[in-house]
Ligand code: SAH
Ligand code: SF4
Ligand code: F3S
């Protein structure tokens with residue numbers, strides 16, 4: 001008999017892929033099917049994120065709600081990055097939780113399910129070659145992990161403590177998984193890792209040393225695969241060879257995530273990011289010289305400990321020079337086990353909020369100016385989502401979200417679309433081919 005699984009996924013694309021792996025294992029080995037109705041579930045899983053404090057604080061109130069809503073015999077499991085760093089503490093605070101499974105222990109999901117109060121949170125556990133069963137939320141686009149963990153030590157970041165050391169997944173496994181996804185109908189792959197362009201640094205067994213640029217070349221030879229995206233590349237590892245391959249390889253989508261974090265070389269040094277303001281700007285210049293149509297997105301942290309008004313101005317300066325197409329911006333949030341947790345020169349909360357508002361307003365202004373240039377242009381869109389009101393949406397090569405009137409017949413297809421209406425997060429257009 002099939003059982004029902006309710007799973008909530010927080011955090012980044014890596015967590016989304018981990019959730020797909022969890023679902024795949026539970027479907028194949030334990031006959032679970034997913035449900036959107038928590039009251040109907042036999043198993044409730046929350047796949048957590050701990051990159052900032054807020055979602056962690058929310059976990060226990062959310063668990064309380066799950067506990068009230070669940071069927072009397074339904075199990076509750078906590079997975080992901082908060083599971084990794086809080087471990088047993090979760091069961092101490094919420095004794096109705098049946099198991100805690102860290103972000104580096106996903107393959108043990110069917111084991112912990114049958115143990116009482118199991119806690120599996122070893123961040124040195126190596127599942128880089130584990131053959132997960134197959135499950136994908138979207139048939140059109142496939143998330144493919146290319147590495148696990150992170151070897152950097154950015155002073156603000158908890159991820160190396162929740163996902164452990166960086167290990168690259170063997171090239172042949174990545175190629176095989178991509179091939180399979182393409183055979184199942186995906187025309188686009190999204191390569192995932194905390195530092196994708198550091199690929200090949202370390203494998204767990206004896207494997208051919210292939211770097212990220214070479215991996216991209218090999219992937220692009222797969223017939224039927226039309227688009228390659230990836231996240232996150234690190235600005236430090238953006239060498240000329242990588243940028244040139246990015247520009248000339250037709251299958252690589254011309255949209256690059258360049259996580260800046262701060263525009264001040266002093267703050268970048270305190271963050272241990274490994275690059276300066278000048279290096280970042282130089283990489284943008286190089287990229288735009290060889291690939292003028294590239295769209296750029298970034299991550300920015302404001303009010304890192306010690307960030308002065310002038311240093312914040314440096315971030316605004318980079319924003320004005322680069323004119324990013326998309327930003328993900330955050331107030332610094334102190335995290336346990338990180339170096340910056342012990343930094344004392346904390347920026348006042350109102351100053352931090354004010355800086356975030358200034359930054360976001362500047363971005364909105366830039367975006368509104370840039371968006372006008374899309375009007376009347378034609379973009380090739382790969383349709384992936386059926387929206388309400390008979391709209392179908394997808395992305396252009398350079399990552400614009402575009403919708404047109406249409407039906408599910410468009411899903412999984414490439415069509416040319418002329419932009420007729422501008423919105424901040426989504427453009428509207430009409431099919432022209
Ligand atoms: N590996 C990626 C980042 C993953 S975490 C990279 O190096 O770019 C995603 C984003 O969360 C980071 O880019 C950063 O902007 C933000 N972040 C991480 N730790 C944070 C913290 N302590 N406070 C606020 N934002 C943080
Ligand atoms: Fe965190 Fe830095 Fe690793 Fe990104 S590169 S996951 S910010 S430690
Ligand atoms: Fe991702 Fe959050 Fe973990 S951003 S790596 S799920 S801490």
Restrict the check to the stretch 62-83 and report whether at least one residue is in a helix (DSSP H, G or I) and within 16 Å of ligand 2 (Cβ to nearest atom). yes
So, in the stretch 203-215, exactly how many residues are free of Cβ contacts under 8 Å to residues at least 40 places away in the same chain and touching a strand residue (DSSP E or B) at 6+ places or on another chain (Cβ under 6 Å)? 0
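Conditions tested, residue by residue: (1) out of contact with any strand residue (DSSP E or B) (no Cβ under 9 Å at 6 or more places or on another chain); (2) away from ligand 1 (no atom under 16 Å from the Cβ).
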| site | (1), (2) |
| --- | --- |
| 95 | yes, yes |
| 110 | yes, yes |
| 122 | no, yes |
| 144 | no, yes |
| 150 | yes, no |
Please determine whether any residue of the stretch 181-193 is more than 22 Å from the chain's Cα centre (by Cα) and part of a helix (DSSP H, G or I). yes
I need the full set of residues from the stretch 152-161 which are under 29 Å from residue 175 (Cα atoms) and more than 10 Å from ligand 1 (Cβ to nearest atom), in order please. 161
Can you say whether residue 188 is crowded, with 17+ Cβ neighbours inside 10 Å and more than 16 Å from ligand 2 (Cβ to nearest atom), as far as the supplied structure shows? yes
Residues of the stretch 1-42 classified as away from ligand 3 (no atom under 16 Å from the Cβ) and either within 22 Å of residue 67 (Cβ to Cβ) or modelled with pLDDT of 95 or more (or both), total: 24
Got at least one residue in the stretch 108-125 being crowded, with 23+ Cβ neighbours inside 10 Å and outside the structural domain of residue 229 (by TED's automatic domain parsing)? yes
Residue check: is residue 194 within 16 Å of ligand 3 (Cβ to nearest atom) and either in contact with a strand residue (DSSP E or B) (Cβ under 8 Å, 6 or more places away or on another chain) or at pLDDT 95 or above (or both)? yes
Residues that are within 16 Å of ligand 3 (Cβ to nearest atom) and within 20 Å of residue 212 (Cβ to Cβ), at least 1 per element: which strands (runs of 3 or more DSSP E) completely within the stretch 97-163 meet that? 141-145
For the stretch 339-370, what are the residues that are farther than 18 Å from residue 300 by Cβ and within 16 Å of ligand 3 (Cβ to nearest atom)? 341
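The values are calculated or read from the model by the stated rules, or taken from the named source; none is laboratory data. Quick caveat: nothing in here was measured; it's all calculated off a predicted structure. Cβ sites come from the backbone with ideal geometry, for glycine too, and all protein chains shown count toward neighbours.
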